[in-house]
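What follows is one structure encoded as structure tokens, with my remarks underneath.
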2 protein chains.
Amino acid sequence: MQRTLTTLDYTVGEEALASIAKALAHPVRIRILKLLAGETCCFTGELTEIIPMAQSTISQHLKSLLEAGLIQGEINPPKVKYCINRERWQMAREQFSEFFGSASTSGCDCG
Amino acid sequence: MQRTLTTLDYTVGEEALASIAKALAHPVRIRILKLLAGETCCFTGELTEIIPMAQSTISQHLKSLLEAGLIQGEINPPKVKYCINRERWQMAREQFSEFFGSASTSGCDCG
DNA sequence: ATAGTTCATCGTATATTTGCGATGAACTAA
DNA sequence: TTAGTTCATCGCAAATATACGATGAACTAT
């Protein structure tokens, strides 16, 4: 959107974390990732059979996961194999871990 | 939206994780959380001074963080103090940790 | 060549998110 | 009472997200 008058510039870390979080912000994408993560190896469009959603919709979700870098695909005609991008997955894991670890454990008098 | 014909029912965990991820899906909310997390104690609407955004916009972001349970507020007239909800924060941390830990580390032949 | 399979992309409709200014509620200070 | 402060909420506009069916690209099999 970016209609903010004073251009707010975020750090790379802030952008990155928000970007990954956005990719995780829909339950069906969580499910897809869990399915892919559970496989010893790759997975394919059996997703279409498992998940009761239009094929185009699933393809769209896969695209957003791809763009977030959380998964990767390999065209394997006539199919396409998708799997977790282990490297990025690990990075994401660390980013979240660091983020959640940043809060001081000392309580506050709120609430 | 929910225009899916076959009602897709997600698990509680899927919904919960997606819900928290949604709250983290905007860089300004990441920044707000980092600010709150960095304080030894609570924080207030100095956010409005630190972050170059309309007061109403910040208030809206705070609301979504509240609804996600990640922060809590205490009315302290004429101000309002916000702080991290340590309990929910810890829960979120564990949920993400578990989620990211679920992927088998064995590589795949994709990509 | 013809038909079938698998998948991405386009176009469309609707819902949600994001941002702002304006207003009002709640309280304090004078 | 009258101002002033702090914050939430409303109403609006624009951008994104979500879902679908339809179509097309790429490849296989016959």
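Among residues belonging to region A:16-31 that are more than 9 Å from DNA strand C (Cβ to nearest atom) and over 15 Å from residue A:88 (Cβ atoms), point out the one that is nearest to the chain's Cα centre (by Cα). Working first, answer last.
Initial filter on region A:16-31 (more than 9 Å from DNA strand C (Cβ to nearest atom)): A:16-17, A:19-21, A:23-24, A:26-31.
Still in the running and over 15 Å from residue A:88 (Cβ atoms): A:26-28, A:30-31.
Values: A:26: 9, A:27: 11, A:28: 11, A:30: 8, A:31: 11 Å.
Checked region A:16-31; the qualifying residue nearest to the chain's Cα centre (by Cα) is A:30.
Could you look through region B:62-84, keep only residues that are more than 11 Å from chain A (Cβ to nearest Cβ), assigned to a helix (DSSP H, G or I) and surrounded by fewer than 19 Cβ atoms within 10 Å (Cβ to Cβ), and pick out the one that is farthest from the chain's Cα centre (by Cα)? Of everything passing the filter in region B:62-84, B:63 is farthest from the chain's Cα centre (by Cα).
Only one of the numbered conditions (1) of a type in the set (D, E, K, R); (2) in contact with a Leu (Cβ under 7 Å, 6 or more places away or on another chain); (3) exposed (fewer than 13 other Cβ atoms within 10 Å of the Cβ) is violated by residue B:87, and that is (2).
Filtered by the rule that a residue be out of contact with any Ser or Thr (no Cβ under 9 Å at 6 or more places or on another chain), within 11 Å of chain A (Cβ to nearest Cβ) and in a loop (DSSP other than H, G, I, E, B), region B:38-50 gives B:42, B:44.
Readers should treat all values here as calculations from the given coordinates under stated rules, not as data from a laboratory. These figures come from a predicted structure and were not determined experimentally. Here the Cβ is made from the backbone with ideal geometry for all residues, glycine too, and neighbour counts use every protein chain on show.
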